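Asks: Supplied in structure tokens, the structure appears directly below.
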Amino acid sequence: MDDAPGAGGLPYLAMELLDGHPLADLIDEEPQLPASWVAAIGAQTAAGLTASLNSSTHHTT
């Protein structure tokens, strides 16, 4: 956490960009993903959104 002047005095968290495989590429390669993959991706997305909402985190790019 940091509260540098560029953040308007508000704390912010800068995170490193991680290497990974974009979901769009996966869908291009496997247009019909197995149901278990879709369920896992959905669960991970929901968990991330829930954690973000519960911590009052705001995402900017």
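Asks: Ordering Leu33, Leu17, Leu49 from largest to smallest accessible area (1.4 angstrom probe), what's the sequence?
Replies: Sorted by accessible area, descending: Leu17, Leu49, Leu33.
Asks: Around Pro22, with a cut-off of 12 angstrom between Cβ atoms, what is the net charge of the other residues, counting Lys and Arg +1 and Asp and Glu -1?
Replies: Around Pro22, the charge tally is -4.
The values are calculated or read from the model by the stated rules, or taken from the named source; none is laboratory data. No experiment lies behind these values; they were computed from the predicted model shown. For neighbour counting, all protein chains shown are included, and Cβ atoms are generated from backbone atoms with ideal geometry for every residue, glycine included. These accessible areas exclude ligands, DNA and RNA; they are computed on the full protein's heavy atoms, side chains included. Shrake-Rupley method; radii C 1.70, N 1.55, O 1.52, S 1.80 Å.
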